[in-house]
Amino acid sequence: MLYKRTEYFRYTFGEPLVAEFRIVVENGTDIESSPGECHFLDISPGGAKLFAKFDIPLERESVRLHIKFTLYEKLIDLQGVIVWKKPYSGGYMYGYDFDENVEIEHLIVEELKLRRRSESALGSAIKDEKK
């Protein structure tokens, strides 16, 4: 599977965003692993760059993950596939492609807008306080 970054924007987190993942084993009925912790390094409406200390085996053609996280207020619960993996800083960095879902894409965009506004307001308040 070739990985093409065709997204129109990608939001990079200053402080990585904590999320919960589960490996999905597809064998007629989806079975999920115990939860693990990962961190979003960046995100777009269609995918993300993740970091995890856990070495997710990629022997099969595609490994599916079920991930839950909150960008601003609403819980985002989605599935997708790992498209690449690289060793990184005591763990692994993963490229994660979300399953296509227009509602989730819109929710991600709206939550990112709210998060960015909140970060901008906080930054302005800190600057005003230093004056």
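The values are calculated or read from the model by the stated rules, or taken from the named source; none is laboratory data. None of these values were measured; they are calculated from a predicted model. Heads up, the Cβs are rebuilt from the backbone with ideal geometry, glycines too, and the neighbour counts pull from every protein chain shown.
Table: residues versus (1) touching a residue at least 12 places away in the same chain (Cβ under 8 Å); (2) aliphatic (A, V, I, L, M).
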position	(1), (2)
I76	yes, yes
G80	yes, no
V83	yes, yes
D97	yes, no
E103	no, no
K113	no, no
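Any idea which residue in the range 23-51 is nearest to P87 (Cα to Cα), counting only those that are modelled with pLDDT under 90 and of a type in the set (D, E, K, R)?
Among them, the one singled out is E26.
Among the residues in the range 55-65, are any surrounded by 13 or more Cβ atoms within 10 Å (Cβ to Cβ) and closer than 21 Å to T12 by Cβ?
Yes, that holds for at least one residue.
Could you check the range 37-85 and list, in sequence order, the residues that are hydroxyl-bearing (S, T, Y) and under 16 Å from H106 (Cα atoms)?
S44, T70, Y72
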